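Have a look at the structure below before the remarks.
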Amino acid sequence: MLEVDIACRVGALDLEVRFATSAGVTALFGRSGAGKTTVINAIAGLRRPERGRITLDGDVLLDTARRIEVPCHRRRIGYVFQDARLFPHLTVRRNLLYGRWFAERHHRRGSLDEVVGLLGIEPLLGRRPGLLSGGERQRVAIGRALLAGPRLLLLDEPLASLDQARKAEILPYLDRLRREAGIPILFVSHALDEVTRLASTMVLLSGGRVAAMGPVGEVMARLDLGPAATEIAGGALLHLQVAGRRHGLTLLTHPAGEIEMPGLDLPVGHVVRLRIDARDVVLALGSAPLTGISIRNQLRATVTGLGRVADGTTEVGLDVAGEALRARITAASATAMQLRPGLAVLALVKSVALGPGAAAPDADEA
């Protein structure tokens, strides 16, 4: 269990953050300047906040009131920076063994071979960092951190400096890391597609404060976030199961209906998390399937709430067989349809709006 309660001044930002998290991957999410890196630097011991208390597994790492501050090298926290920071004069093997050198024998979690296998870096062991791609360097940096025997792993926007091809290269390994590493991970990002693929819990930072915290899908579907709602772009997550192929598209089933989408290649039976932007959801009154319409993805839903947005639009909260979805429509449309809590509607989603990064294997599956 990681518990954080800190406050400090960072330039013009008055940072005051309090949250607690435990197993799995927790995303510290927010736009640039929200205070994310300052928070994880305080957790790692690289920055001392003006006031605060940080504990990990019951051990006090920082308590300014009691003048306790454990040095960073004694916190047993692995830190992977955005730019990898490998030693350029050492081979990959020696970079990895450098991390191993810091781990006390009784704290070691896996052998060099196990970590190399987990991250798929065996062919790279004899190379120097200058001969690696950005994705390869990040995998080596993660391996070095794991071999130091950490009880918490901090990833500070590890994909931010990578192009789409390199991101696609490293994401499967990050998937494996969250499933198999066996340690909690705090993942810093301002990219929603990364968070929805990798994290199970989100801590949403906005203006130096925690605007919301909880399961990723629940935070994304909230209507009460005010200005912080722009951070998550009105998205929501649904859990669906791969049922096969139809009309050249992948068919996903949900208790509320079916979704067809392109660009997804997963085995039948696999559970996926699908991110749907509120702007891509069209509403129709009633619950009977519509015919004579080009939008084939139709989910039965019930209105749970409405929230007015400053630009003349309305956020509509929806319940789809127990999961939350959002639709963003004009306020005029919401009024004309007489939308209200409890009203049955159909949520329509264009297949072409679901890009290749919209769906990913469920982060909560083993």
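The values are calculated or read from the model by the stated rules, or taken from the named source; none is laboratory data. Only a predicted model underlies this, so the values are computations on that prediction, with no experimental measurement involved. Please note: Cβ atoms are built from the backbone with ideal geometry, for glycine as well, and neighbour counts cover all protein chains shown. Remember, those area values only see protein heavy atoms, side chains included, never the ligands or the DNA or RNA. Shrake-Rupley method; radii C 1.70, N 1.55, O 1.52, S 1.80 Å.
Go through (1) part of a strand (DSSP E or B); (2) open to solvent by 60 Å² or more (accessible area, probe 1.4 Å); (3) modelled with pLDDT of 95 or more for Ala347 and report which single condition fails.
It fails just one condition, (2).
Among the residues of the stretch 146-173, which ones are outside any loop (DSSP other than H, G, I, E, B) and open to solvent by 10 Å² or more (accessible area, probe 1.4 Å)? Outline the logic, then answer.
Keep residues of the stretch 146-173 that are outside any loop (DSSP other than H, G, I, E, B), which gives 146-147, 152-156, 164-173.
Answer for the stretch 146-173, where residues must be outside any loop (DSSP other than H, G, I, E, B) and open to solvent by 10 Å² or more (accessible area, probe 1.4 Å): Leu146, Asp156, Gln164, Ala165, Arg166, Lys167, Ala168, Glu169, Leu171, Pro172, Tyr173.
With the requirement that a residue be touching a residue at least 24 places away in the same chain (Cβ under 8 Å) and under 14 Å from Leu299 (Cα atoms), what does the stretch 237-260 give you?
Answer for the stretch 237-260, where residues must be touching a residue at least 24 places away in the same chain (Cβ under 8 Å) and under 14 Å from Leu299 (Cα atoms): Leu237, Leu238, His239, Leu240, Leu252, His254, Pro255, Ala256, Gly257, Glu258, Ile259, Glu260.
Can you tell me how many residues within the stretch 263-282 are farther than 21 Å from Val316 by Cβ and among the acidic types (Asp, Glu)?
1
Can you find a residue that is in contact with a helix residue (DSSP H, G or I) (Cβ under 7 Å, 6 or more places away or on another chain) and either in a strand (DSSP E or B) or closer than 20 Å to Glu218 by Cα (or both) anywhere in the stretch 294-305?
Within the stretch 294-305, one or more residues are in contact with a helix residue (DSSP H, G or I) (Cβ under 7 Å, 6 or more places away or on another chain) and either in a strand (DSSP E or B) or closer than 20 Å to Glu218 by Cα (or both).
Of the residues Phe87, Phe29, only one is modelled with pLDDT under 95, among the aromatic types (Phe, Trp, Tyr) and closer than 23 Å to Gly99 by Cβ; which? Walk me through how you get there before you give the answer.
On the way: Phe29 fails: closer than 23 Å to Gly99 by Cβ.
Every option except Phe87 fails the conditions.
Given the options Val60, Val39, Val70, name the one that is touching a residue at least 40 places away in the same chain (Cβ under 8 Å) and of a type in the set (A, V, I, L, M).
Details: Val60 fails: touching a residue at least 40 places away in the same chain (Cβ under 8 Å); Val70 fails: touching a residue at least 40 places away in the same chain (Cβ under 8 Å).
Being touching a residue at least 40 places away in the same chain (Cβ under 8 Å) and of a type in the set (A, V, I, L, M) holds for just one of Val60, Val39, Val70, which is Val39.
Spot the failing condition for Ala27; the list is (1) assigned to a helix (DSSP H, G or I); (2) touching a residue at least 60 places away in the same chain (Cβ under 8 Å), and only one is missed.
For Ala27, the failing item is (1).
For the stretch 46-79, give me each residue that is more than 21 Å from Leu15 (Cα to Cα), crowded, with 18+ Cβ neighbours inside 10 Å and touching a Gly at 6+ places or on another chain (Cβ under 9 Å).
Those that are more than 21 Å from Leu15 (Cα to Cα), crowded, with 18+ Cβ neighbours inside 10 Å and touching a Gly at 6+ places or on another chain (Cβ under 9 Å): Arg75, Arg76, Ile77, Gly78.
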